[in-house]
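The values are calculated or read from the model by the stated rules, or taken from the named source; none is laboratory data. Keep in mind the model is a prediction, meaning the values are calculated, not measured. Every residue, glycine as well, gets a Cβ built from its backbone with ideal geometry; the counts of neighbours run over all protein chains shown.
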Amino acid sequence: MQKLIIQGGVPLHGEISISGAKNAALPLLCAALLTGESLKINNVPALHDITTMLSLLKQMGTDISGSNNEVVLSAATLSQLIAPYEMVKTMRAAILVLGPLLARAGEAEISLPGGCAIGMRPVDLHIKGLQAMGAEIHIRHGYIHAVAKKLHGARIVFDIVTVTGTENLMMAATLAEGTTILENAAREPEIIDLANCLKAMGAKIQGAGTDIITIEGVPSLHGAEHTVMPDRIETGTFLVAATATGGEIHLKNTDAHLLDAVLDKLTEAGARIDSNGNWINLKMNTKPKSVNVRTAPYPAFPTDMQAQFMSLNCIADGTAIITETIFENRLMHVQELKRMNASIEVEGNAAIVTGIAHLDGANVMATDLRASASLVIAGLIAQGETVIDRIYHLDRGYENIEGKLSALGAQIRRTQ
Ligand code: EPU
């Protein structure tokens, strides 16, 4: 199994380019199922989850072509309306084919995602919403069997804010008969990106980015071309790494407006941040100050940045409280950081982190995607060598991370 080996203690310096957002690209690829015409998606990041999604769509009959980061999908005929267990178990985002398949083909069979490393993560709200739109759904032998001759519009009030739930229902509603209103919808920028692509395909959507989204169904959608938005979590991860190591980095092809809550916290920690248009520059020349973090749906502080801020707080001045409110088991990096000598106490869904002078390099194990990012940051600031095991978690969400970190001066390499 591949490992990452990091020699810590080098401040990051230099310029890199940010990739397209994983969590925007995944639903955008699924949107191809909504039309028989070609959908071209640009700025697609090269990641394991994207490869898995493309093979799932291919299995369903989608023709896929293109090169590098540009993918052309053409779902003229859908031959197989199934997302098998083997694929859903490695990538929960496979649930995003449910809405489009049901809306276009009137049928879908999707393996029920199980719990995962960070929490239970049920999909009951996706199912409830589609039922409100007229789908008949039964769970049999671990699969969601869904049938609907024609979905109809409905008013759906989410009792919990769900990102992929909002995306699934928004996609389904584009081809439903009548108007669908999604209330307490997720406001994440990835929802706006998906809505923009759907609108380019002929969908009628209003309010994406607010908590009420109105979708007026149309009889069919057509082909379009769309460019994936920048990855705000990759951006934030590099900014935390530069803050923690005390360096100066310039990130291109990104957007500071996607990261208000994260940039506020980095400024509070002592970083100097400039941004304009599509770049962000961060300079850190003091020891970081501890910053409290409480995760919540967008525009509040993202759960996908919680683990990275944990590593930063490990070597900051003072004590910070990090509270995770979205997922019930997303503090697993704590045990690994403690192996690097971090001073962290967990109480329920909160971690109390007391900054120490330095972390010690150690052998650690990645438990999920963002936990692995926190271990990379910890490795970059630790004294000595850190060896990170199970880095396939990292490859699910960070394109060429060791290449980008090397370009910023980090001493990092991958073993076979
Ligand atoms: N939830 C339910 N029922 C549902 C759906 C969600 O109870 O039917 C609960 C979840 O268990 C969780 C909360 O609602 O407690 C929010 O979950 P949400 O549905 O918003 O998460 P998601 O859509 O499965 C996406 C991202 C995650 C990110 C979360 C929160 C994608 C593909 N994934 O997941 O990204 O953490 O939103 O922002 O967009 C990551 O990139 O590392 C990652 C995990």
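Taken over region 27-62, the criterion of being at pLDDT below 95 and either under 16 Å from Thr164 (Cβ atoms) or touching a Pro at 6+ places or on another chain (Cβ under 6 Å) (or both) is satisfied by Asp49, Thr52.
Among the residues of region 160-184, the one identified as in a loop (DSSP other than H, G, I, E, B), farther than 20 Å from Thr35 by Cα and more than 11 Å from the ligand (Cβ to nearest atom) is Asn184. Pro302 falls short on exactly one of the conditions (1) away from the ligand (no atom under 16 Å from the Cβ); (2) modelled with pLDDT of 95 or more, and that condition is (1).
Residues of region 264-280 that are farther than 23 Å from Ile191 by Cα and surrounded by 17 or more Cβ atoms within 10 Å (Cβ to Cβ): Lys265, Leu266, Ala269, Gly270, Ala271, Ile273. For region 162-186, the candidate set comprises residues that are surrounded by fewer than 22 Cβ atoms within 10 Å (Cβ to Cβ) and not β-branched (Val, Ile, Thr); within that set, the residue that is nearest to His222 (Cα to Cα) is Glu177. The residue that is farthest from the ligand (Cβ to nearest atom), among those in region 375-399 that are aliphatic (A, V, I, L, M) and closer than 9 Å to Leu4 by Cα, is Val387. Return the residue satisfying two criteria in turn: it lies in region 87-121 and is more than 15 Å from the ligand (Cβ to nearest atom) and in a helix (DSSP H, G or I), and of such residues it is surrounded by the fewest Cβ atoms within 10 Å (Cβ to Cβ). By that ranking, first place goes to Ala105. Right, Pro84: away from the ligand (no atom under 16 Å from the Cβ), surrounded by fewer than 17 Cβ atoms within 10 Å (Cβ to Cβ) and within 25 Å of the chain's Cα centre (by Cα) or not? Taking the combined requirement at face value, the residue satisfies it.
In the set (1) farther than 30 Å from Ala244 by Cα; (2) more than 16 Å from the ligand (Cβ to nearest atom); (3) not in a strand (DSSP E or B), Val10 fails one condition alone, (1).
Here the condition is being crowded, with 23+ Cβ neighbours inside 10 Å and of a type in the set (D, E, K, R); of Asp124, Asp159, Asp193, it holds for Asp193 alone.
Return yes when Ala261 is surrounded by fewer than 24 Cβ atoms within 10 Å (Cβ to Cβ) and of a type outside the set (S, T, N, Q) and no when it is not. When the stated conditions are applied, Ala261 passes them. State the number of residues belonging to region 289-329 that are on the phi < 0 side of the Ramachandran plot and in contact with a strand residue (DSSP E or B) (Cβ under 7 Å, 6 or more places away or on another chain). Here the count works out to 28. Assessment of region 126-136 against the conditions (in a helix (DSSP H, G or I), more than 9 Å from the ligand (Cβ to nearest atom) and within 21 Å of the chain's Cα centre (by Cα)) yields no matching residue.
Summed over region 281-299, residues that are within 16 Å of the ligand (Cβ to nearest atom) and surrounded by 17 or more Cβ atoms within 10 Å (Cβ to Cβ) total 4.
Against the definition (out of contact with any Cys (no Cβ under 6 Å at 6 or more places or on another chain) and either more than 18 Å from Leu26 (Cβ to Cβ) or of a type in the set (S, T, N, Q) (or both)), how does Glu136 come out, yes or no? So Glu136 passes the test.
Filtered by the rule that a residue be within 28 Å of the chain's Cα centre (by Cα) and either surrounded by fewer than 18 Cβ atoms within 10 Å (Cβ to Cβ) or of a type in the set (Lys, Arg) (or both), region 145-156 gives His145, Arg155.
Would you mind stating whether Ile144 is assigned by the TED database to the domain that holds Cys30, within 16 Å of the ligand (Cβ to nearest atom) and part of a strand (DSSP E or B)? The answer is yes for Ile144. Within region 73-104, track down each residue that is free of Cβ contacts under 8 Å to residues at least 40 places away in the same chain and under 16 Å from Ala172 (Cα atoms). Within region 73-104, Leu81 is the sole residue that qualifies. Taking region 340-416 as the region of interest, the strands (runs of 3 or more DSSP E) fully inside it that hold 1 or more residues being surrounded by fewer than 20 Cβ atoms within 10 Å (Cβ to Cβ) and touching a helix residue (DSSP H, G or I) at 6+ places or on another chain (Cβ under 8 Å) are 343-347, 363-365, 411-415. Scanning region 85-102 for residues that are of a type outside the set (A, V, I, L, M) and touching a helix residue (DSSP H, G or I) at 6+ places or on another chain (Cβ under 7 Å), we see that the one that is nearest to Leu28 (Cα to Cα) is Pro100. Looking only at region 147-159, residues that are in a strand (DSSP E or B) and away from the ligand (no atom under 16 Å from the Cβ) come to 3 in all.
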